[in-house]
Every structure is written in structure tokens, then in C-alpha cells.
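Student: One structure coming up, written as C-alpha cells, with questions to follow.
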Amino acid sequence: MSYLGHFNLDREPFSNAPDARFYFDSDQHSQALVRLMYAVNSNKGLAVLVGGVGTGKTTLARRMLDTLDESKYESSMLVMVHSSINPEWILTRIAMQLGVQDPASDRLSVLKQLYERLLVIESEGRRAVILIDEAQMLQSRELMEEFRGLLNLEIPGKKLLNIIFFGLAELEDCLRLDEPLAQRVALKYHLKSLPVEITTSYVKYRLHVAGGRDDLFDDEAIDAVHRFAGGVPRLINTICDNCLFESFMLKTTNINAKIVHSVAGDLGLLQQKMTLDEAAELELESLDEVEQGNLDEVEQGNLDEIEDMLDKLEFK
């Protein structure tokens, strides 16, 4: 018996695998999608979405792709899995994704094929859109110049191709490799970590979608989850998933702050300072680590440390 049966869940509520059913339309994600769609529908050319590790960039990219109706858009998403790709690969892949049959072997011929295909898409009354996920992997000036060249594919008064970059903060450095391209960014939006009240809604929403009770985590437990995750959705999922399993092993039907702290310890997240009251309540042995002059403060933790922790968890 898994924890699904124990909690009467239809599916895992906190899996980090992409699943459109669990898309949580927070205010900032909704705002981001509205802005990116505006950029596409206005043929702005280049738009950028930047966010930290685990803030929902890929989820938003997939959501946007699903939103682009085939009758109005010719769209595709490319995921940059490593930094050793070259301009020729990018150009050929984009051409294929937009419907070019049998791309030529030389760059100029492929550009001609792509331009002709974009004209066909335009004549059909549709817009061509390419989403680039993990765009911080585009780490050469040559790649940036290639994208600048693609944005030059246009007709009088109208661009034929819209490109959306989704990436980490390092994407800003990549754009600066080609200043003319950086100046062509028509829209930029930054995803931030979730505030505690949104974390609460997020956890309850995912439990509801999974067919379970939305009160499996008590208020103190969710506060602890938020603190250790730093409001980062991917880490929230990791902690909550482990909490459900831990509660199942303990044969309890609710998750409290003590379980969250136990899981955080197992995941190596007990690096943040806690108030003396919290430490006493949970009977922690490391009371000497609590600074007496800051008893009313709860340190949120360094986001760089959280990103490092996410990388380590993904590696595991």
C-alpha cells in the first residue's frame, strides 16, 4: 500500500513531473502569461521570462504552448539541454519545428526555406512562435547573433517570427553577448518565489486536484514548508511529497510542523535559523544556534543556497 491509498488520493499531488492538471494559476504566473501572449499577438519579436530554479518557468512555457491554438499559431518549444549546441543546429531545428520539410545542408538555403515557410504561415493568417526553454544554455555570441538574424525575417511593418526565451538569471548575461539583440527585447518579466499565503493556496490546490483533503497539512506545517522551500514551487513539491510518505510511515493522517522539520532535516534543509519558541516546541538539540537577539525574526534563507539545494536534490 502506498501513501495514495493511505490518504485516499487519486494520484501523487506533489510530483515535479509536468502535468497540466496541476497547473496553479498564481497571480504572477497569470500576469506573466498575459504579457507573453500580448508580445506574441502584437508581433513584438522577442520576449523574455526570467526566474530562479524551480519557480515554474518550464510549467509556464508548457502552459503557454497549450494556449496557442493551432488555427491561429504555428508554435513549438525547444528545450536547451546543454550548452554545446551551435547556430546551425538551432536554425535547422527551428525550421523543422515550424514545418520546413527536408531542410537544406547549408545555412543560407535553410534561411530561405524558413522565410518561405513563414510567408505561408502569414498568408494563412497565423503567427509563428518559438518558445526556448532553459535559454541560459545559449552561452555564445554566435548563438545570440543567430537569433538576431531570425528576428530580421520580416515583411514591411510586421515581424514574421516571435521568440520567447525562458531561463535563469544567467540568461541576462547571455543576451549581453550581443548588445543589438539585448536591445530588441520588447518585453521582460521576472518570476519570483511565492509568498506564504500563495504557498498555502498552492498546497491546498494540488491536494484538491489529486482527490484528497485540502487540510492534510495544518497551518503550522505549511508555514514550515514555505520557510524551508523559500517559496520555490519545485522545492515545495519535494518537501510535501516526502511529508506525505513520512506521515504514511508513521500511520498518521495529518502532517504537522514536526513532520516537516524531520523531512527538512533528511533533505539537508535545516540550515535556516529558527526562533527559540519553535526550537523549544520541537525539542531540537541545536538551541545554541538560535541568536537570542533575533527571537522575533524568522530568517527566510539565502536564495542562492536554495538553488544549490535544488540542484543537489535533482542530482540525487
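Student: Within the set of pairs 6 or more residues apart or between chains, which connect a residue that is assigned by TED's automatic domain parsing to the domain that holds Asn152 inside segment 96-117 to a residue that is among the hydroxyl-bearing types (Ser, Thr, Tyr) with Cβ atoms less than 7 Å apart?
Tutor: Gln97/Ser76; Leu98/Ser76; Pro103/Thr92; Val110/Thr92
Student: Can you pull out every residue in segment 212-247 that is touching a residue at least 40 places away in the same chain (Cβ under 8 Å), of a type in the set (A, V, I, L, M, F, W, C) and more than 13 Å from Pro13 (Cβ to Cβ)?
Tutor: Selection gives Ala224, Phe228, Ala229, Val232, Leu235.
Student: In segment 89-129, what residues are part of a loop (DSSP other than H, G, I, E, B), within 26 Å of the chain's Cα centre (by Cα) and surrounded by fewer than 19 Cβ atoms within 10 Å (Cβ to Cβ)? Step through it out loud before you land on a result.
Tutor: Quick first cut of segment 89-129, residues part of a loop (DSSP other than H, G, I, E, B) only: 98-106, 124-126.
Checking which are within 26 Å of the chain's Cα centre (by Cα) leaves us with 98.
Correct list: empty.
Student: Given the criteria modelled with pLDDT under 95, in contact with a helix residue (DSSP H, G or I) (Cβ under 9 Å, 6 or more places away or on another chain) and more than 17 Å from Leu46 (Cβ to Cβ), does Arg107 qualify?
Tutor: yes
Residues checked against (1) of a type in the set (A, V, I, L, M); (2) within 22 Å of the chain's Cα centre (by Cα); (3) surrounded by 17 or more Cβ atoms within 10 Å (Cβ to Cβ):
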{"position": "Glu172", "(1), (2), (3)": "no, yes, no"}
{"position": "Tyr189", "(1), (2), (3)": "no, yes, yes"}
{"position": "Pro195", "(1), (2), (3)": "no, yes, no"}
{"position": "Gly212", "(1), (2), (3)": "no, no, yes"}
{"position": "Asp215", "(1), (2), (3)": "no, no, no"}
{"position": "Asp218", "(1), (2), (3)": "no, no, no"}
{"position": "Ala221", "(1), (2), (3)": "yes, no, yes"}
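Student: Filter segment 154-167 down to the residues that are in contact (Cβ under 8 Å) with a residue 40 or more places away in the chain and more than 17 Å from Leu36 (Cβ to Cβ), then identify the one that is surrounded by the most Cβ atoms within 10 Å (Cβ to Cβ).
Tutor: At the first step, the residues of segment 154-167 found to be in contact (Cβ under 8 Å) with a residue 40 or more places away in the chain are 158-167.
From what's left, more than 17 Å from Leu36 (Cβ to Cβ): 158, 160.
Working: Lys158: 9, Leu160: 21.
The qualifying residue surrounded by the most Cβ atoms within 10 Å (Cβ to Cβ) is Leu160.
Student: Now for a separate question. What residue, of Ala32, Ala61, Ala20, is out of contact with any Lys or Arg (no Cβ under 6 Å at 6 or more places or on another chain), closer than 30 Å to Ile239 by Cα and outside the structural domain of Cys174 (by TED's automatic domain parsing)? Steps first, please.
Tutor: Details: Ala32 fails: outside the structural domain of Cys174 (by TED's automatic domain parsing); Ala61 fails: outside the structural domain of Cys174 (by TED's automatic domain parsing).
Checking each option against the conditions leaves just Ala20.
Student: What single numbered condition from (1) of a type outside the set (Gly, Ala, Ser); (2) more than 24 Å from Glu179 (Cα to Cα); (3) part of a helix (DSSP H, G or I) fails to hold for Val40?
Tutor: (2)
Student: Among the residues of segment 64-79, write down those that are outside any strand (DSSP E or B), buried (at least 17 other Cβ atoms within 10 Å of the Cβ) and either in contact with a strand residue (DSSP E or B) (Cβ under 6 Å, 6 or more places away or on another chain) or at pLDDT below 95 (or both).
Tutor: Scanning segment 64-79 gives a single hit, Leu68.
Student: OK, next. Somewhere in segment 16-36, is a residue buried (at least 16 other Cβ atoms within 10 Å of the Cβ), in contact with a His (Cβ under 7 Å, 6 or more places away or on another chain) and either among the β-branched types (Val, Ile, Thr) or modelled with pLDDT of 95 or more (or both)?
Tutor: No, segment 16-36 contains no residue that is buried (at least 16 other Cβ atoms within 10 Å of the Cβ), in contact with a His (Cβ under 7 Å, 6 or more places away or on another chain) and either among the β-branched types (Val, Ile, Thr) or modelled with pLDDT of 95 or more (or both).
Student: Something else about it: Can you list residue pairs whose Cβ atoms sit under 8 Å apart, with the first residue in segment 66-85 being over 13 Å from Phe166 (Cα atoms) and the second being basic (Lys, Arg) and not in a strand (DSSP E or B)? Count only pairs 6 or more apart in sequence or on different chains.
Tutor: Short answer, once both residue conditions are applied: Ser71/Arg126; Lys72/Arg126; Tyr73/Arg126; Glu74/Arg126.
Student: Exactly one of (1) over 22 Å from Pro180 (Cα atoms); (2) modelled with pLDDT of 95 or more; (3) of a type in the set (Ser, Thr, Tyr) is unmet by Tyr115. Its number?
Tutor: Failed condition: (1).
The values are calculated or read from the model by the stated rules, or taken from the named source; none is laboratory data. Worth saying up front: this structure is predicted, and the values here are computed from it rather than measured. Quick reminder, even Gly has a Cβ in these numbers, built from the backbone with ideal geometry, and neighbours come from all protein chains shown.
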